[in-house]
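Novice: Before I ask anything, let me first share the structure, which is written out below as structure tokens.
The values are calculated or read from the model by the stated rules, or taken from the named source; none is laboratory data. Since the model is a prediction, treat every value here as computed from it, not as a measurement. Positions of Cβ are backbone-derived with ideal geometry, glycine not excepted, and every protein chain shown enters the neighbour counts. Side chains are part of the model used for accessible areas, which takes the heavy atoms of the whole protein and leaves out ligands, DNA and RNA. Shrake-Rupley method; radii C 1.70, N 1.55, O 1.52, S 1.80 Å.
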Amino acid sequence: GREGARVRRLYRSHSERTGVPWHRRDYRPDDFDASDDVNKALSAANAALYGIVHATVIALGCATGLGFVHTGGDLAFVHDIADLYKADISIPVAFDVAAAGVADVGAHSRRRMRDAMVENHILERCVKDIRQLILGDAAADLDDEWQDVVALWDIGGRVLAGGVNYEESASSAAVDW
């Protein structure tokens, strides 16, 4: 309940900031165009954020469905992590796009999200936040140990140096870390 109240306050605040009227969240997955511009922008912005977070969760080897706050869905953990950034990224972007009065709200929202995620280092923050949630204090120890290691694993389970063209033979390039 508290999280919902916090998000509703954010919607009202951005409505006042941009002059875009806000009534309620109206998400219709089967009919994107049935919503008003701010709801379309929120849907597109959140979808872009979910995509980046989903890719990060998978890249880190985490289970997408094992959420802390969201439960019962295949993407519960993705939604938990994405919620960390909505207030800073997708909600302001959506209201700004709606205020701009652009013709293609979805495309414009996705481009603005791309720029905002780069500017706010969302990939880096996402990795750091997930590792902290999963590993706690042990995350810092691993960061110190592995931060400069760039390596590949081959099919034989060997660690190979990164940045090498292995077209000729992978066997001569194995390194012992």
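Novice: Using +1 on the beta carbon of Lys and Arg, -1 on that of Asp and Glu, and nothing else charged, what's the dipole of the chain about the Cα centre, debye to 20? Don't skip to the answer; put the middle values down first.
Specialist: On the way: 19 positive and 28 negative charges, 216 e Å.
Computed about the Cα centre, the dipole is about 1040 debye.
Novice: How much net charge surrounds residue 98 when only the other residues with a Cβ under 9 Å from the Cβ of residue 98 are counted, with Lys and Arg +1 and Asp and Glu -1?
Specialist: That sum, taken over residues with Cβ under 9 Å, equals -2.
Novice: The chain: percent of C-alpha pairs farther apart than 28 Å?
Specialist: Considering the chain, 38 percent of its Cα-Cα pairs are separated by more than 28 Å.
Novice: Report in % the part of the accessible area of the chain that belongs to carbon and sulfur, leaving out ligands and nucleic acids; probe 1.4 Å.
Specialist: Taking all protein chains in place, the chain shows 52 percent carbon and sulfur surface.
Novice: Right, something else. Within the chain, what's the longest run with no GluC sites (Glu not before Pro) in a DSSP loop and at most 15 other beta-carbon atoms within 10 Å? Give the range, please. Mind dumping the intermediate values first?
Specialist: Numbers: sites that count: 167, 168.
The longest such stretch corresponds to 1-166.
Novice: Still on this structure: Hey, can you rank 32-40, 155-163, 130-138 by average C-beta count inside 10 Å, highest first? Before the final figure, lay out the partial values.
Specialist: Details: 32-40: 17.3, 155-163: 10.8, 130-138: 13.2.
Top of the packing list down: 32-40, 130-138, 155-163.
Novice: Could you do me a favour and compute the accessible area per residue for the chain, 1.4 Å probe, result in Å²?
Specialist: 62
Novice: With a 1.4 Å probe and all protein chains kept in place, how much accessible area does residue 70 have, in Å² rounded to the nearest 10?
Specialist: The accessible area of residue 70 comes to roughly 60 Å².
Novice: Can you list which of the DSSP-assigned H helices in the chain have a Cα extent of 30 Å or more along the long axis and an average Kyte-Doolittle score of at least 0.0? Present the calculation step by step, with values, prior to reporting the outcome.
Specialist: On the way: long enough: 37-59 (33 Å, 0.91).
Helices passing the filter in the chain: 37-59.
Novice: Calculate the FRET efficiency for residue 32 and residue 114 from the Cβ-Cβ distance with a Förster distance of 25 Å, rounded to the nearest 0.05. Working shown, then result.
Specialist: Details: r = 19 Å, r/R0 = 0.76.
Efficiency for this residue pair is about 0.85.
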